[in-house]
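The block underneath contains the structure these notes are about, expressed in structure tokens.
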Amino acid sequence: ARSEAPAAPGRRLRVGFLSAFFFRHSVGLLMEGVITGLDRAAFEVFLLPIRPDGNLPEDEVATRLFQGVEHVVDVPAALGSAQRLVGELSLDVLVFGEIGMHTLTYFLAFAHLARRTASFWGHAITSGITRADARAPHDASAGGGIDYFVSSEMFEALGAGAQRKYSERLYLMR
């Protein structure tokens, strides 16, 4: 479990992006602009690829993603090793590119691996994973679960009413 303490004043926020789909795939295409567009003065950015069979397709999207971050940290295929490695990064925010399209991302979402976690709309449905203690949803001792689901105002037909479809707190991008 990670600390809930806020980042030290003046320190850049440590943000990690985790997925097995960092290439020309819907997840890679949706995340590329977000990942490469973060202000490096404010954010220290980690790309956390899961490499099925040890490889990811090499294409222009993968090249831009891997070259557009400060740190690339390969996530081991074994759940326990992956949890330890990601947890030891002391991330302020861990963003799952999707939950439910790769077995390891799904099971990693049950651990509390960063101060805050989010699921991006690469797989545009809720994880359904809730915090163990609903009274303290961001308490590190409450277990795993995802804090936020990132979607778009254009994607959610119900607008703000879409929250009821998610176990996570819904954040709608313009």
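The values are calculated or read from the model by the stated rules, or taken from the named source; none is laboratory data. All values reported here derive from a predicted model rather than from experimental measurement. Counting neighbours? That spans all protein chains shown, and the Cβs are built from the backbone with ideal geometry, glycine included. Heads up: the accessible areas ignore ligands, DNA and RNA and are worked out on the full protein's heavy atoms, side chains in. Shrake-Rupley method; radii C 1.70, N 1.55, O 1.52, S 1.80 Å.
Tabulated values for the structure
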| quantity | calculated |
| --- | --- |
| Whole-Hz ³J(HN,Hα) from phi, Karplus 6.51 cos²θ - 1.76 cosθ + 1.60, for segment 55-69, glycine and proline x | 9, 10, x, 9, 8, 5, 5, 4, 4, 5, 5, 5, 8, x, 10 |
| Relative packing of 9-17, 110-118, which averages over residues the other C-beta atoms within 10 Å, highest first | 110-118, 9-17 |
| Under 5 Å, built H, 5+ apart or other chain: amide partners of Phe110 | Gly145 |
| Under the Karplus curve 6.51 cos²θ - 1.76 cosθ + 1.60, θ = phi - 60°, whole-Hz ³J(HN,Hα) for segment 164-172, x wherever Gly or Pro sits | 5, 8, 10, 7, 8, 6, 7, 10, 9 |
| Tensor-based shape of segment 14-94 (alpha-carbon gyration tensor, a/c under 1.5 rounded, otherwise prolate or oblate) | oblate |
| Neighbour net charge for Phe43 - beta-carbon separation under 15 angstrom, K R +1, D E -1 | +2 |
| Tyr148 long-range amide H proximity, modeled H, under 5 Å | Thr117, Ala118, Ser119, Arg169 |
| Whole-percent carbon and sulfur share, accessible surface of segment 1-126, 1.4 Å | 57 percent |
| Nonlocal amide H pairs with Glu44, under 5 Å, H built at 1.01 Å | Leu13, Arg14, Val15 |
